[in-house]
1. Residues to consider are 70, 17; find the one that is crowded, with 18+ Cβ neighbours inside 10 Å, over 21 Å from residue 136 (Cβ atoms) and either without any contact (Cβ under 8 Å) to a residue 12 or more places away in the chain or in contact with a helix residue (DSSP H, G or I) (Cβ under 8 Å, 6 or more places away or on another chain) (or both).
2. Give the number of residues within region 98-126 that are in contact (Cβ under 8 Å) with a residue 60 or more places away in the chain and either under 18 Å from residue 51 (Cα atoms) or buried (at least 18 other Cβ atoms within 10 Å of the Cβ) (or both).
3. Could you tell me which of the residues 117, 111 is at pLDDT 95 or above and more than 17 Å from the chain's Cα centre (by Cα)?
4. Given the criterion in a helix (DSSP H, G or I), touching a residue at least 60 places away in the same chain (Cβ under 8 Å) and over 18 Å from residue 31 (Cα atoms), identify the matching residue among 94, 171.
5. Hey, residue 95 hits all of (1) modelled with pLDDT of 95 or more; (2) more than 20 Å from residue 183 (Cβ to Cβ); (3) touching a strand residue (DSSP E or B) at 6+ places or on another chain (Cβ under 7 Å); (4) surrounded by fewer than 21 Cβ atoms within 10 Å (Cβ to Cβ) but one; which does it fall short on?
6. Restricting to region 132-183, name every residue that is out of contact with any helix residue (DSSP H, G or I) (no Cβ under 8 Å at 6 or more places or on another chain), crowded, with 18+ Cβ neighbours inside 10 Å and either at pLDDT 95 or above or closer than 18 Å to residue 51 by Cβ (or both).
7. Taking region 28-46, which residues are at pLDDT below 95 and surrounded by 19 or more Cβ atoms within 10 Å (Cβ to Cβ)?
């Protein structure tokens, strides 16, 4: 039986180009749109090969699996919903990849990470959850992002998100009701 409409997303490039990821139709789970992912991964082109990536609010896993498909060395997908975690593990098995899937809340996971653990961090929390600022604050306070690393930030365009003073926008965009960008440390 085919998965319900809206519960799958296609990888757009790389080793697994065209492969479908499936996920349960959970409230608030909205994969990053294809147009936004295409732009993001074009921006990330020079940084992605060999990168250690974190997809902190993994959801469908589209960002993390796309990073692996395009040459990232490793990806850790963190998700709290047990059904979504199971889907991430099934997608990992179907792709035959080594992604690490962690069943944890985002902030609890960050509390266990060491300095410089990741080169690229994807932050795309549920828009209404209010977790973006807390996650960024923890990442910066614990120095989890490598010194030359980048943080992808996605939020509702209507929210008007401002970066903390120790980060600066590297690239930014907007597509419909989604604002997105890559941020880098100021020093």
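1. Values: 17 fails: crowded, with 18+ Cβ neighbours inside 10 Å.
When all the criteria are applied, what remains is 70.
2. First pass over region 98-126, keeping only residues in contact (Cβ under 8 Å) with a residue 60 or more places away in the chain: 117-126.
Retained after the next criterion (residues that are either under 18 Å from residue 51 (Cα atoms) or buried (at least 18 other Cβ atoms within 10 Å of the Cβ) (or both)): 117-125.
Within region 98-126, residues that are in contact (Cβ under 8 Å) with a residue 60 or more places away in the chain and either under 18 Å from residue 51 (Cα atoms) or buried (at least 18 other Cβ atoms within 10 Å of the Cβ) (or both) number 9.
3. Values: 117 fails: more than 17 Å from the chain's Cα centre (by Cα).
After applying the criteria, what remains is 111.
4. Numbers: 171 fails: in a helix (DSSP H, G or I).
Going through 94, 171 in turn, just one is in a helix (DSSP H, G or I), touching a residue at least 60 places away in the same chain (Cβ under 8 Å) and over 18 Å from residue 31 (Cα atoms): 94.
5. (3)
6. Scanning region 132-183 gives 149, 181, 183.
7. Correct list: 29, 31, 32, 36, 37.
The values are calculated or read from the model by the stated rules, or taken from the named source; none is laboratory data. Predicted model, so just to flag it, every value in this text is computed and none were measured. So basically every Cβ, Gly included, is an ideal-geometry build from the backbone, and we count neighbours across all protein chains shown.
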